[in-house]
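Presented below is the structure to which this report refers.
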Amino acid sequence: ATGCHITTAVTVVALPSAITGATNVCIGGTTTLASTTTGGTWSTSTTSVATIGSSGIVTTVAVGSTTVSYTSASTGCSAVATLNVNPLPAPITGPTFVCNMGTTTLSDTSAGGTWSTASTSIATAGSTTGVIYGVSVGSTTVTYTLPTGCSITRSITVSPLPAPIMGAASVCAGYTTVLSDSTTGGTWSSSTTGVATINTSGVVRGLL
């Protein structure tokens, strides 16, 4: 009010360089953050979500978000970044095998993901349907990946078909014929038992 004043010097100190590295990470995974400013210390605001070591390696603890800080030892100023810990998809459900040249369907209750296989020469996957098609005999890994990049896997085996069925392709009504297959351990069945039946030994009986 009198026009009298007093002064003091204020120094504006530069922040550490910006934090770099992946700030979206899946639960159970790790990521490494960095700053070109040397001599600082790392910390997280919520250690129940993620912790960070002196070298910038982040260890996830629980799904959620936390603030990561890199603080200069000489100035006390900090660069900050938000770290998001994302959930994994739910477990994949469905059969663990598919017949060669056949299909089966896998599913996951976590919506919005895409399907893929590690070896398309063994099996392919419908990217949005989870329909697995057996291309050749063997095993491969099926992966379901959410938009966050978090994924879950399971193995699927493509099993060989039995050898071709041998024997007469027709039988007179009231008579029998015998079919056989060089692949052992299988079971026989008839799609229309009102026309013909088949027993465990491959004996077909034509019905009147």
Taking region 70-93 and keeping only residues that are assigned to a strand (DSSP E or B) and either open to solvent by 50 Å² or more (accessible area, probe 1.4 Å) or over 30 Å from Thr114 (Cβ atoms) (or both), one is left with Tyr70, Thr71, Ser78, Ala79, Val80, Thr82, Thr93
Thr105 fails exactly one of the following numbered conditions: (1) in contact with a Phe, Trp or Tyr (Cβ under 9 Å, 6 or more places away or on another chain); (2) touching a residue at least 24 places away in the same chain (Cβ under 8 Å). What is the number of that condition? (1)
Filter region 181-208 down to residues that are open to solvent by 60 Å² or more (accessible area, probe 1.4 Å) and touching a strand residue (DSSP E or B) at 6+ places or on another chain (Cβ under 9 Å), then give me how many there are. 8
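Out of the residues in region 48-67 that are assigned to a loop (DSSP other than H, G, I, E, B) and not polar (S, T, N, Q), state the one that is nearest to Ala22 (Cα to Cα). Please lay out each step first, then the result.
First, the residues of region 48-67 that are assigned to a loop (DSSP other than H, G, I, E, B): 48-49, 53-56, 61-63.
Still in the list and also not polar (S, T, N, Q): 49, 53, 56, 61-63.
Working: Val49: 16, Gly53: 15, Gly56: 11, Val61: 16, Ala62: 17, Val63: 16 Å.
Among them, the one singled out is Gly56.
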Within region 11-28, count every residue that is in a loop (DSSP other than H, G, I, E, B), at pLDDT 95 or above and of a type in the set (Val, Ile, Thr). 3
If you take the residues of region 95-153 that are open to solvent by less than 40 Å² (accessible area, probe 1.4 Å), part of a loop (DSSP other than H, G, I, E, B) and among the aliphatic types (A, V, I, L, M), which of them is farthest from Thr23 (Cα to Cα)? Ile122
Is at least one residue of region 29-43 open to solvent by 80 Å² or more (accessible area, probe 1.4 Å), without any contact (Cβ under 8 Å) to a residue 60 or more places away in the chain and assigned to a loop (DSSP other than H, G, I, E, B)? yes
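The values are calculated or read from the model by the stated rules, or taken from the named source; none is laboratory data. Computed from a prediction, not measured in an experiment: that's the story for all the values here. Cβ coordinates were reconstructed from backbone atoms using ideal geometry, including for glycine residues, and neighbour counts include every protein chain displayed. For accessibility, only protein heavy atoms count, side chains too; no ligands or nucleic acids. Shrake-Rupley method; radii C 1.70, N 1.55, O 1.52, S 1.80 Å.
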